[in-house]
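**Student:** A single structure is presented below for examination.
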Amino acid sequence: MERTLSIIKPDGVAKGLIGEVARRFEKTGIRIAAMKMIHMTKKQAQGFYAVHRERPFFDSVTDFMSSGPCVVMVLEGDNVIARNRELMGATNPEDAAEGTIRKDFATDIEKNVVHGSDAPETAAFEIGYFFNGLEIVG
Ligand code: CMP
């Protein structure tokens, strides 16, 4: 059993996609173990994306992620990191496969509706960034 962090980004929340994204997880047997709405400050977004701090898109992505509410979720299931990434599709919606969340709803590489952890170590950091143990229902 594995856990990963999912974020419905400000564009996804603004487009009314909370239910649609959660439905796609639940439909494929992924369990939502925690879920809440947050509105990050710029500093909180910078902390979350700290691994990208040297990248040219860092300022823009942290502006965007602090521009409105996000829904953060802990997802649980066998191989859920990879399964979530498959449901999301490629980071750039132009490269995303048919039927993926990003292909269906994303605007561009920044406004790409969802975030998902890419490895067990990043999942552990990202889950701990938003949730304490009491908030995750085992
Ligand atoms: P995410 O998986 O949340 O991780 C970092 C985010 O930065 C990424 O999704 C994109 O939304 C955003 N981003 C913007 N420009 C780029 C880029 N050129 N390469 C990768 N990520 C980018």
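The values are calculated or read from the model by the stated rules, or taken from the named source; none is laboratory data. Just so we're clear, the structure is a prediction, and the values are computed from it rather than from any experiment. Note: areas computed on protein heavy atoms with side chains; ligands, DNA, RNA excluded. Shrake-Rupley method; radii C 1.70, N 1.55, O 1.52, S 1.80 Å.
**Student:** Write down the accessible area per residue of the stretch 1-97 in Å², having rolled a 1.4 Å probe over the full set of protein chains.
**Tutor:** In whole numbers, the stretch 1-97 has 49 Å² accessible per residue.
**Student:** Would you please classify the overall shape of the chain from the alpha carbon gyration tensor, given that a ≥ b ≥ c denote the square roots of the eigenvalues, rounded means a/c under 1.5, and beyond that prolate means a/b larger than b/c while oblate covers the rest?
**Tutor:** Judged from the Cα gyration tensor, the chain comes out rounded (a/c under 1.5).
**Student:** Using a/c under 1.5 as the rounded threshold, could you call the stretch 1-48 rounded, prolate or oblate? The axes a ≥ b ≥ c are square roots of the C-alpha gyration tensor eigenvalues, and prolate needs a/b larger than b/c, oblate otherwise.
**Tutor:** Oblate, since a/c reaches 1.5 and b/c is not below a/b.
**Student:** Now for a separate question. Going by the alpha-carbon gyration tensor, a ≥ b ≥ c the square roots of its eigenvalues, is the stretch 36-76 rounded (a/c under 1.5) or, if a/c is not under 1.5, prolate (a/b greater than b/c) versus oblate?
**Tutor:** oblate
**Student:** If you roll a 1.4 angstrom probe over the protein chains with everything in place, what fraction of the accessible area of the stretch 18-138 belongs to carbon and sulfur, to the nearest %?
**Tutor:** 54
**Student:** According to the Kirkwood expression over distinct Cα-Cα pairs, how big is the hydrodynamic radius of the stretch 58-138, in Å?
**Tutor:** 13.9
**Student:** Hey, what do the phi angles of the stretch 123-132 turn into as Karplus ³J(HN,Hα) couplings, whole Hz, using 6.51/-1.76/1.60 and θ = phi - 60°, x for Gly and Pro?
**Tutor:** Rounded to whole hertz, the list is 4, 4, 5, 5, 5, x, 5, 10, 10, 9.
**Student:** Let me ask something else. Run the count for the chain, please: Lys pairs, Cα-Cα under 17 angstrom, 8 or more apart or on different chains.
**Tutor:** Lysine pair count for the chain: 9.
**Student:** On to the next question. Which residue fluctuates most in the GNM of the chain (Cα springs below 10 Å): PHE57, PHE25, PHE48?
**Tutor:** Between PHE57, PHE25, PHE48, it is PHE57 that shows the largest mean-square fluctuation.
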